[in-house]
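One structure below.
The values are calculated or read from the model by the stated rules, or taken from the named source; none is laboratory data. Treat the numbers as computed from the prediction; the structure is a model and nothing was measured. Every residue, glycine as well, gets a Cβ built from its backbone with ideal geometry; the counts of neighbours run over all protein chains shown.
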Amino acid sequence: MMRGFEPSDSAILTKDFFIEKKVKDLLIPGIGYGRNAKVFTDNGIHETGIEISETAIELARQNGLNLNVFHGSVTDMP
């Protein structure tokens, strides 16, 4: 968790754009440990993540990120 849990500036700007466009659902490939995901959840956007690292998924859950995260590679998505 070398970048901590604060969302990046780009995630905050994207959240603002999604709210303006009334985005309700979001798929995040490579969600990692969820650093940039919480800002969307906190603003009513439903998220689903895909992550190749089981460690990152576990870190996300340990730190209270409670959303659907599928373990796997985005290159294997149908």
- Message: Suppose we filter segment 11-28 for residues that are assigned to a helix (DSSP H, G or I) and among the aliphatic types (A, V, I, L, M); how many remain?
- Response: 4
- Filter pass, G72 being at pLDDT 90 or above and more than 22 Å from D16 (Cα to Cα): yes
- Query: Within segment 17-66, can you find the residues that are under 18 Å from G4 (Cα atoms), among the aliphatic types (A, V, I, L, M) and in contact with an Asp or Glu (Cβ under 6 Å, 6 or more places away or on another chain)?
  - Reply: I31, A37, I57
- Task: Looking at (1) part of a strand (DSSP E or B); (2) modelled with pLDDT under 95; (3) not β-branched (V, I, T), find the lone condition where P7 falls short.
- Result: (1)
- Taking first residues from segment 67-78 that are farther than 10 Å from S53 by Cα and among the basic types (K, R) and second residues anywhere that are assigned to a helix (DSSP H, G or I) and at pLDDT 95 or above, the pairs with Cβ under 9 Å that are 6 or more apart or on different chains are none
- Can you name every residue in segment 7-28 that is touching a Lys or Arg at 6+ places or on another chain (Cβ under 9 Å) and buried (at least 19 other Cβ atoms within 10 Å of the Cβ)? P7
- Task: Kindly indicate whether any position in segment 33-42 is of a type in the set (F, W, Y) and free of Cβ contacts under 8 Å to residues at least 40 places away in the same chain.
- Result: yes
- Message: Taking the condition of being surrounded by fewer than 16 Cβ atoms within 10 Å (Cβ to Cβ), part of a strand (DSSP E or B) and out of contact with any Ser or Thr (no Cβ under 8 Å at 6 or more places or on another chain), how many residues in segment 29-78 meet it?
- Response: 4
- Message: Looking only at segment 48-66, count every residue that is polar (S, T, N, Q) and in contact (Cβ under 8 Å) with a residue 24 or more places away in the chain and tell me the total.
- Response: 1
- Can you name the residue in segment 59-78 that is of a type in the set (S, T, N, Q) and touching a Gly at 6+ places or on another chain (Cβ under 9 Å) and, of all such residues, is farthest from G44 (Cα to Cα)? N63
